[in-house]
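What follows draws every value from the coordinates through simple rules; no lab data is involved. Computed from a predicted structure; not experimentally measured. As a convention, Cβ positions derive from the backbone with ideal geometry for all residues, glycine included, and neighbour counts pool all protein chains shown.
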Amino acid sequence: MTHTYAQSYGLPFPQLPVVINHPESNAHSAPLPGLVDTGANATLVPSAQLRANGAEEIYRTSLRSHWGESRPAVVYLVDLQVAGHNLPGIEVISDEHSEAILLGRNVLNRLILLLDGPAQETDVLPKRPARR
């Protein structure tokens, strides 16, 4: 299935639908937009979404931005469904400062993505295309 880029940012931004599932219950979120950030190591989820889902903290750490500053971070364990693909046991960082999910490489490396910038579309491929 093809997903269109978000147009609400300065430049079009690839995005995929994300459902946050509680690993031990039936609690889950409605589909939420997840911004595809291939430069981010980790996935960030708004704190309000994690609280609403009943997610539990698993540990505390620090998070360093691309500018080098560090700040405290809280890590949660959730199951994610990204564009219909189930990804169990994903560590996500609680984000108090944003309302958007940011999909980092800890999630993106589990998927085969096609980012089509000229068409402003993203696809999650079911399997690797044949090599020529």
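Values computed for the structure shown
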| item | result |
| --- | --- |
| Peptides 99-107, 18-26, 124-132 ordered by average Cβ neighbours within 10 Å, highest first | 99-107, 18-26, 124-132 |
| Segment 1-101 - percent relative contact order, Cα under 8 Å, separation 6 or more | 29 |
| Antiparallel content of DSSP bridges confined to the chain, in %, to 5 | 80 |
| Overall form of segment 2-125 per C-alpha gyration tensor (a/c, 1.5; a/b vs b/c) | oblate |
| Selection from 77, 48, 30 lying farthest towards where the dipole of the chain points positive, charges on Cβ | 77 |
